[in-house]
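Readers should treat all values here as calculations from the given coordinates under stated rules, not as data from a laboratory. Only a predicted model underlies this, so the values are computations on that prediction, with no experimental measurement involved. Please note: Cβ atoms are built from the backbone with ideal geometry, for glycine as well, and neighbour counts cover all protein chains shown.
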Amino acid sequence: MEKMSRVTTALSSSAVSGRTMFCHLDAPANAISVCRDATQVVVAGRNIFKIYALEEEQFVEKLNLRVGRKPSLNFSCADVMWHQMEENLLATAATNGAVVTWNLGKPSRNKQDQLFTEHKRTVNKVCFHPTEVYMLLSGSQDGFMKCFDLRKKESVSTFSGQSESVRDVQFSMKDYFTFAASFENGNVQLWDIRRPDRYERMFTAHTGPVFCCDWHPDDRGWLATGGRDKMVKVWDMTTNRAKEIYCVQTIASVARVKWRPERKFHLATCSMMVDHNIYVWDVRRPFIPFATFEEHKDVTTGIVWRHQHDPHFLLSGSKDSTLYQHMFRDATRPVDKANPEGLCFGLFGDLAFAAKESLISSDANRKPYPGGDRRYPIFFFKKPDPTEQFAHVSSALSVFETDLDSNRMDWFVKTAQLYLLSGKPFAELCDHNAKVAQELKRPQVSTTWTMLRIMFSDPANLTTPGPNHNLSKLGTLPLMNSFSMKEMGSVMGTESRLDRSKGESRQDNILLEPGNPHISNNNEENEETEGSEGQAEYMFGDAELDDDDLYSMEHDNQTEEQEYTLPQEAFQLRHEIMDNPSAPEHLQQDKADSPHVSGNEAEVTCLTPIESFSLISISQPLFSPHLPASFFCPIVREMLSYYAEQGDVQMAVSVLIVLGDRIRKEIDDLTQEHWYMSYIDLLQRFELWNVSNEVIKLSTCSAITCLNQASTTLHINCSNCKRPMSNKGWICDRCHQCASVCAVCHHVVKGLFVWCQGCSHGGHLEHIMNWLKSSAHCPAGCGHLYVTRLW
Amino acid sequence: MRHAVAPAENVENNCFAVTRLLKICTHCERLSKKDLGVRIPRPLVNGPSRFIPEKEILKVSKVDPRTQSIFEDAFAALGRLDNISLVMSFHPQYLESFLRTQHYLLQMDGPLSLHYRHYIGIMAAARHQCSYLVNLHVNYFLQVGGNPKWLNGLDEAPQKLQQLGELNKILAHRPWLLTKEHIERLLKAEEHSWSLAELIHAVVLLTHYHSLASFTFGCGITPEIHCDGGHTFRPPSLSQYCVCDIANGNGHAYHHDDPLGNQEMCGEVEVLMERMKQLQECRDDEEASQEEMATRFEREKTESMLVVTTEDEECVPSRDISRHFEDPSYGYKDFSRRGEHVPTFRVQDYSWEDHGFSLVNRLYPDVGQMLDEKFQMAYNLTYNTMATHKDVDTSMLRRAIWNYIHCMFGIRYDDYDYGEINELLDRSFKIYIKTMVCSPEKTTKRMYESFWRQFQHSEKVHVNLLLMEARMQAELLYALRAITRYMT
């Protein structure tokens, strides 16, 4: 992929070769630098200052520059640089503010050459002039940059940045006199080395400190900067104003940036915190790194390309006390792992699918999505750039529309809007919701609500039942219980467990598996419900007459003998209910001609068709007549999970809210939170903001309720001067006018203010609503036409 | 908000009613009660601070329109203007930044729920037995719907908060002992575990309130009138007179209490300025050796241990503060003692600007930015004055104070000559700093008065702000370093 030829010509005698390798240092490194001929590397840190030779297979320690029994702070290096002309010359920036030069040619053990202690604070950076042997530049925390002539004992010139601290200084590669300095306050300054009195040019590059900058080795006008704001920016300095030409967003603050040799658009970055990897970016493709080196275990503090004309070797030092040589061919390429396919469901069941063109076209003769009527293949092309080394992928996007009838989500929206979750007694809420479900032709949900009401209604309302309870085929029922009713009513309720495996099958009924129940009330009036072959059956508990129930299918005391037989009709999956409305219709008829009975004491169960019945009566209740509500908790819990798993998280959450404390402790918080989140997400997708807000408000999970406390600030602009309003809601500080005036009554609105996002006129909610009854235009007379959505 | 929403007519009526009941003292414009037998709470103490005369504080806030508007905003947000803000109004720029940060920490988007935030504030303030902050936040805590049971003690609070107790204790008194194991224990505690974002929020709150407790004691903030210990129903002994007449410090006695001392210390400011000048000049001539520099830091560190507060003027907290924390015996222990050696924290290796900021901003967006502004504001705040002298570069003095505090926490700046501290900070000032930072509850009025006698109150408040922010940053650095170590 890379072109070796150019590289080898650039290298003098022998081409550099090697492999990915590393060595352990004794201490964390702060910076590294490489000598001109790429054979040695110097590593500097607080407690380390060593030179390693780069050999074919390994690093070999050549020299330890940190000598003395108790080395002084002059050895504690923040930065190091090896001179690119003079191979014996090094400079370090010490944390105590000293700038030190080292001469490797010295015969003594201590190679320290010169010591400049002119800076008052830590020196962050030293930089040799690329072509001038004796010129050294330093940038310090005290806000000054100093230029040293190594033949003299003192600095020759001092540049004041008028700012807190200098983070980086870099001589321009091409312009002899120019250098760039980056500052903690986000500025970058350009200086002429001959003019220490003021900078040539200054611009704000980042918000927060600019940690590093690097001139492009070939292109004279390009400067890359990296900052604490997690961005790398490339500036074109040839124009009058520095122009940002590329911007790469990384995931952590950028500590170092280095252009890659021989590759015009590549640069390497490493971060200062949290992220330990080294990234090589193609600045034209800022979203995904071109290559990544993931070897380090702690933050990388220094990176350098081994040879200024060889793009294949990268050296790096890290806080984890290792020194690495990375081979470019060993780098991971995140692009290869990126998934080029995308799939997304639309709100109303549409499906969009993007994939490699090749994949799509090979499938072209495959039958389209069964429910879908049409597909729209859309192709994207990008003009390939020969210098980009990214693989070119063209994708095709297909959109599938669903059959409008089969997958409609209307029921969801209606249910969400009509359900009552609070504000009434528990029983009424259940009744109401059951009714809503019933009207939407979702009998199973409706039944569930009714059952819930029965199970959890306050037992204090119910008095001791009669003694006789008859139940059929007790032993074979999976679970049975009885409840107490008012004087006259008693029911042998049959609780069947929700069969999860059935969930996938066509019938998801509440099953009462074997047998048929035989129920008698305390008046000894037996009523029998019989199912014959091919019939499903509703069995109802008998109960006292009560008028508040409109939908449960019951019969009262006066008509005990009456038999209710329903034609067998398994409940269909809810999506198909529209097509098969017979069962619900039947229920409604039932409701119409039977007197209303209190839902409190009703239990509705659906029976699977059974061929034969035997009626067995028992005279003792199976369980104590007062079953605590907690008895049902496991079943309800299971039921909720069942609904949630079915995808009907709406039901799960609604029941959770309505039951409140009755069930909350049974379900672990994480699951609850998960349900809430899914439901709220769904509601918001359907733009049911009010409902979603109500759900958030009613939820008891702290993680959910705090959603309402986030982002409660609304920033507004004054309608007169269009400036942000600072403190008070209705008077603008700048133009001293009342900002939010009602367009209808021309008074200041204090309270609910409703306004059009199109023309920004508005007023009292009531006034605007009245106005819009008679006119479709904006009341302010601006001519804006309110068509569908006012706010 | 409760105070802010009374309709206009009502206010007028109330005013009318009130003026009928009360008469206004001609001296201090404070209302006093006419004999109508109505029980009206009366402040126990005058003004927001025990150390600073009320007049001085009000003078400042009345004049400056900027302060006025900051006050308005603060009042609109909280429905009250607390004494801390009043005292800080000497430095409106800082106050603005402080209030914005505090408001964000307590009210705005954040991973912790509101009552948790106030409870953590209570925990932190209680660590220093700061009844002022505890009472204030107990009120807020109940207002946002916190469970009153929790206030009986940490045992009654959820397990999750109990676990924070350990961190609170260490951070408040010996932050250098914080390790990544502490962090790990909080983050990996099954169902009671903290998330990283929550932990950062909690850490910022803890450090904020530890240092605010320092400020509260350092400036002698008096209890709010609506809190315990802030008011009394007992009528003033001479009911015909206003309290100011009974001379509680508003004027006469206060200024002349130590005429001798004043004369004695007459040249103090001049001496200090002279020293600063000398340091500035000598600096380049006489270069101390590296070894010398290292020993200077050690010496300053050890010396800070010897600065011991002798005064034992115990103030008894009115609410039983100690129930909010465990292990009351755990206090500041000097950083370097024989036996246990904790490695020095080098700022060059882990600084707020480079490392701390990035971590905070990553996990708790915007707060990093606000704290950064606040630190910079506190560090760079200057009016170029010293007492009566103008156009003085005080950066050296401010840096000495800042670094001295960090030194007490074992944080070292490689590029600082700790000899400067000895030159610039005299013993009584060191005592004050040490007391305020390490055991603020022991701060007394005498300490406050005995340092920098010729300086103005606003300058002493300025010093307090520096101390507070330096302390907060020191604690934060240790906490964030531990979290970083846990993460890598």
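Does region A:211-340 classify as rounded, prolate or oblate by the C-alpha gyration tensor (a ≥ b ≥ c root eigenvalues; a/c under 1.5 gives rounded; else a/b over b/c gives prolate, otherwise oblate)?
On the way: a/c = 1.44, a/b = 1.43, b/c = 1.01.
Cα axes put region A:211-340 in the rounded bin.
Using a 10 Å cut-off around each Cβ, can you sort A:THR239, B:THR101 from fewest to most neighbouring Cβ atoms? Kindly include the intermediate steps, with their values, before the conclusion.
Details: A:THR239 10, B:THR101 19.
Exposure proxy ranking, most exposed first: A:THR239, B:THR101.
Shielding of A:266-278 by partners, i.e. mean partner chain Cβ atoms within 10 Å per residue?
Numbers: counts 0, 0, 0, 0, 0, 1, 4, 13, 8, 2, 1, 0, 0.
The shielding value for this peptide is 2.
Return the whole-Å distance between the Cα centroid of region A:202-275 and the Cα centroid of region A:160-190.
13 Å
Rank-order B:133-145, B:385-397 by packing density, defined as the average count of other C-beta atoms within 10 Å over each peptide's residues, highest first.
On the way: B:133-145: 20.2, B:385-397: 15.0.
Result, highest mean first: B:133-145, B:385-397.
Karplus couplings for region B:449-457 from phi (6.51 cos²θ - 1.76 cosθ + 1.60, θ = phi - 60°), rounded to Hz, Gly and Pro as x?
7, 7, 9, 6, 4, 8, 7, 7, 4
Any idea how far the Cα center of region A:659-701 sits from the one of region A:108-144, in Å?
So the separation of the two Cα centres works out to 62 Å.
What is the packing order of peptides A:687-700, B:167-180, taking the mean over residues of other C-beta atoms within 10 Å and listing the highest first? Walk me through the numbers on the way to the answer.
Values: A:687-700: 17.2, B:167-180: 20.8.
So the peptides A:687-700, B:167-180, ranked by packing, come out B:167-180, A:687-700.
Would you mind computing, in nm to one decimal, how far apart the modelled labels at A:LYS243 and A:PHE686 are, each placed 7 Å from Cα along Cα→Cβ?
My value for the distance between the label points is 5.1 nm.
Can you tell me how region B:53-201 classifies by the Cα gyration tensor, rounded, prolate or oblate, using a/c under 1.5 as the rounded cut? Before the final figure, lay out the partial values.
Details: a/c = 2.18, a/b = 2.00, b/c = 1.09.
Judged from the Cα gyration tensor, region B:53-201 comes out prolate (a/c at least 1.5, a/b above b/c).
If you rank A:ILE245, A:ILE51, A:ILE768 by fewest surrounding Cβ atoms within 10 Å, what's the result? Working shown, then result.
On the way: A:ILE245 14, A:ILE51 21, A:ILE768 24.
Ranking A:ILE245, A:ILE51, A:ILE768 by Cβ neighbours within 10 Å, fewest first, gives A:ILE245, A:ILE51, A:ILE768.
Would you calculate the separation in nanometres between label points at A:LYS70 and A:PHE203, each defined as 7 Å from the Cα along the Cα-to-beta-carbon direction?
5.1 nm
Is the C-alpha gyration tensor of region A:136-215 telling us rounded, prolate or oblate? Criteria: a/c under 1.5 is rounded; beyond that, a/b larger than b/c is prolate, otherwise oblate. Intermediate values should be presented prior to the final figure.
Working: a/c = 1.83, a/b = 1.45, b/c = 1.26.
Since a/c reaches 1.5 and a/b is larger than b/c, the shape of region A:136-215 is classed as prolate.
What is the average number of partner chain Cβ atoms found within 10 Å of a Cβ in B:410-417? Mind dumping the intermediate values first?
Values: counts 0, 0, 0, 5, 11, 15, 5, 3.
Shielding by partners across B:410-417 averages 5.
Ranking request for peptides A:744-757, B:435-448: highest mean number of other beta-carbon atoms within 10 Å first, then the rest in descending order. Kindly include the intermediate steps, with their values, before the conclusion.
On the way: A:744-757: 14.4, B:435-448: 21.0.
For the peptides A:744-757, B:435-448, the packing ranking is B:435-448, A:744-757.
Residue-wise, which Karplus ³J(HN,Hα) couplings in Hz belong to region A:333-349, taking 6.51 cos²θ - 1.76 cosθ + 1.60, θ = phi - 60°, and x for glycine or proline?
These are the phi-based 3J(HN,Hα) values: 10, x, 4, 5, 8, 5, 8, x, 9, x, 9, 8, 8, x, 4, 9, x Hz.
Amide H of A:ASP350 versus every other amide H placed in the peptide plane: which residues, excluding those fewer than 5 positions away on the same chain, fall under 5 Å?
Hits under the 5 Å cutoff: A:THR402.
Given H placed on each backbone N at 1.01 Å, which residues far from A:TYR246 in sequence or on other chains put an amide H within less than 5 Å of it?
A:VAL234
Whole Å is fine, so just give me how far the alpha carbon centre of region B:81-107 lies from that of region B:355-372.
19 Å
Read phi for every residue in region A:170-175 and hand back ³J(HN,Hα) as whole Hz from Karplus 6.51 cos²θ - 1.76 cosθ + 1.60, θ = phi - 60°, with x for Gly and Pro.
Per-residue couplings from phi come out as 9, 6, 5, 6, 10, 8 Hz.
Averaged over B:348-358, how many beta carbons belonging to a partner chain fall within 10 Å of each residue's beta carbon? Could you put the intermediate results ahead of the total?
Numbers: counts 11, 8, 1, 2, 0, 9, 9, 5, 1, 6, 12.
Mean partner-chain Cβ count within 10 Å for B:348-358: 6.
Expressed in whole Å with the largest first, what are the equivalent ellipsoid semi-axes of region A:154-273 derived from the C-alpha gyration tensor as the square root of 5 times each eigenvalue? Please report the intermediate quantities before stating the final value.
On the way: eigenvalues 95, 59, 32 Å².
Result for region A:154-273: semi-axes of 22, 17, 13 Å.
Amide H neighbours of A:THR122 under 5 Å, counting only residues 5+ apart in sequence or on other chains, H built in-plane at 1.01 Å?
Amide H to amide H, under 5 Å and 5 or more residues apart or across chains, A:THR122 pairs with A:GLN141, B:ASP415.
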